[in-house]
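J.: Dropping a structure here in structure tokens format, bear with me for questions.
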Amino acid sequence: MTAVEVEPAAPARQERVNRRGGRGGRSGSWVVPWLFLAPALILFLYFKFIPMGNALVMSFQNVQPFLGNQWVGQDNYVKVVTSDGFQQAAWHTVLLAVCQTAGSMVLGLVLALLMEGRSRGLSFIRSAAFLPVVVPMAVIAELWRIMYHPTGDGMLNSLLGLVGLGPSGFINDPHTSMASVIVTGIWRGAPYDMMIFLAGLAGVNRDLYEAAFVDGASRWRRLLHVTLPGLRSVFSILFILAAIRGLRVFTEVYLLTNGGPNGSTEVVMTLITKLGLEQNRLGVASAGAVLLFLATLLLTVVVSVLRRRERE
Amino acid sequence: MSAASETALGLKESRSPQARLLRAVVHAIVLVVFAGPLLALLVSAFNHVSDPTQLSVVPSSPTLDNFAVAVDHGVLKYLLNSFFVVGFGLLLQVVVSTLASYALARKRFPFMTIVFVAILATLMLPEEILAIPLSLILSDLPVLHINLIGTLAGIIVPVGAWAFSILVMTEFMRDVPRELEEAARIDGAGELRIFAQIILPMCRPALGVIGVFGFTMIWDQYLLPMLVAGDSSTYTLPLALRTLRIDPMVTPGVVMAASLLALLPSVIVFLFFQRSFVHGLSSGALKG
């Protein structure tokens, strides 16, 4: 790459003009952009596009290392869609994604409204509240595992005890495990949404507030008729981001419960890794992954279409 | 503009004692809920925890024992692995992204739109979904036939491809004025020099954004190191936490000490580059 493009620091002006003329046009030769793009293209090809293609191909195959792959048509998909385990995991994934998305957005919006402002104290509290977002998921999972300790003297259980509740089994009880995973997710998702809402709030037209003030509108009416409509695009973006994040959820479930107890928190990704990495059923696992991808794609497309229709 | 117009709720309006008290209570709750657990982590890391079910909130018997035990279990090696991965991974990611963005933002060439859209489309493609085919590819890179499983390079090379950085960088580079580039070109600067000496220095804010986001993204990687790890010698610190927890001889205090080491780098990066971070969050998210 360098060989083509690095020119000596100060070549004779005449020579330069000739060379440029030879290449034709001031944008340089057509090779240049491709040379700059080459490293990215190679990496994306190797680690995004080829894996995606392979997943698609493997999803139609019975993958047998060393024996050769066998084309089996839609068998893997039939197996996946009709299996109880996958249906349950898909339901859990949707439940988790919906609850986490809704919870994070509602809590994030409330936090943003409460913490909007320029004072130093507020910006300190905002930064502190944002910390969970930058802490690695693995750390959060280990921390919450301890906080969720199922006996009465566990951290959260002793808090529950103060108000006369509990002790709860949290992640160890099939009845509460999913809710516990969701709560941990909201704890990390809400501050993220808060930051985005705050950016959105800063963009709401201040003149409208002024007008509402002059018209004597109450705080509540102003929020309902000026602020929330002004945040509409923020809502749809956060919805897409959070929904994708929710559908692909893996690390926190893997570390908190690994799908247990009794499969009560098994989501699509933990199931896929079990099928693929532990049981080596690569074809079936790939079919599951492709279905998950299609769900993500469908969701993104639907939301974008809805947004466009709304704008028109 | 009246004070009431400042915020959506106009919370500054009321300066009555009750309103102030209410504000203080709300802020305290927010702090306790979101920073409290992390504070418990911090305190527990330095506390001698005898009860395996408990985190300590109040420092009672400060000690460094937890860290000593953690180090005995190889935590320093894992931390070093993490730094190695994030150092080289981020370097690769930034170099690759800025080079690609230069072509996408400053050049016109056939198929440009297709390339740009193809790269952006991977933003919608959750990397988790690629886990299994990716692990197969890493064990035998097509054409090159190199096996990256069990090497740190297996984590470093794939994180080089990140569409977010390319998106942020390309948008920013588009706005760099043409005149500077033209002037440099007339002075005889080649493409690489224009890229490195004219365009890049103008992109410092965007470099801050992709640097900070890239760091936290790579530091938070879990599934990829898990796919790549042959044995514990290539574990990154986040990956090692689970092994540590499963060890029956290890107390929660030790896990918290290791967790503290695992969260400090990204928290420090966030606190130092907060402005870049918040800027990137809002601009990156609100553009879509």
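The values are calculated or read from the model by the stated rules, or taken from the named source; none is laboratory data. This one's a predicted model, so the numbers in the text were calculated from it and none came from an experiment. Glycine also receives a Cβ, built like all others from the backbone with ideal geometry; neighbour counts cover every protein chain displayed.
J.: Return the total of residues in region A:194-219 being more than 9 Å from chain B (Cβ to nearest Cβ) and aromatic (Phe, Trp, Tyr).
T.: 1
J.: Now, a different point. Any residue in region A:264-290 that is at positive phi sitting within a Cβ distance under 9 Å of a residue that is part of a loop (DSSP other than H, G, I, E, B) and among the β-branched types (Val, Ile, Thr)? List the pairs, counting only those 6 or more apart or interchain.
T.: As it stands, the answer is A:Asn280/A:Val63, since those pairs meet every condition given.
J.: May I pose another question? Residue check, A:Asp153 against (1) part of a loop (DSSP other than H, G, I, E, B); (2) more than 8 Å from chain B (Cβ to nearest Cβ); (3) among the charged types (D, E, K, R), all met but one. Which one?
T.: Among (1) part of a loop (DSSP other than H, G, I, E, B); (2) more than 8 Å from chain B (Cβ to nearest Cβ); (3) among the charged types (D, E, K, R), the lone unmet condition for A:Asp153 is (2).
J.: Turning to a different aspect of this structure: In region B:63-158, which helices (runs of 4 or more DSSP H) lie fully inside it and hold 3 or more residues that are surrounded by fewer than 18 Cβ atoms within 10 Å (Cβ to Cβ)?
T.: B:65-72, B:75-106, B:112-121
So that you can scan it fast, the table gives a plain yes or no per residue for (1) assigned to a helix (DSSP H, G or I); (2) at the interface with chain B (Cβ under 10 Å from one of its Cβ atoms):
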position: A:Leu228; (1), (2): yes, yes
position: A:Ser236; (1), (2): yes, yes
position: A:Ile244; (1), (2): yes, yes
position: A:Val249; (1), (2): no, yes
position: A:Asn262; (1), (2): no, no
position: A:Lys274; (1), (2): yes, no
position: A:Thr300; (1), (2): yes, yes
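J.: Got a sec? Which of A:Gly103, A:Gly121, A:Gly53, A:Gly108 is assigned by TED's automatic domain parsing to the domain that holds A:Ala202, assigned to a helix (DSSP H, G or I) and loosely packed, with under 15 Cβ neighbours inside 10 Å?
T.: Result of the check over A:Gly103, A:Gly121, A:Gly53, A:Gly108: A:Gly121.
J.: While we're on this one: Which of the residues belonging to region A:276-298 are touching a helix residue (DSSP H, G or I) at 6+ places or on another chain (Cβ under 6 Å), among the charged types (D, E, K, R) and part of a helix (DSSP H, G or I)?
T.: The answer is none; no residue qualifies.
J.: Looking at region A:129-145 only, could you name the residues that are in contact (Cβ under 8 Å) with a residue 60 or more places away in the chain, facing another protein chain (nearest Cβ under 7 Å) and more than 17 Å from A:Val181 (Cβ to Cβ)?
T.: Matches in region A:129-145: A:Ala129, A:Leu131.
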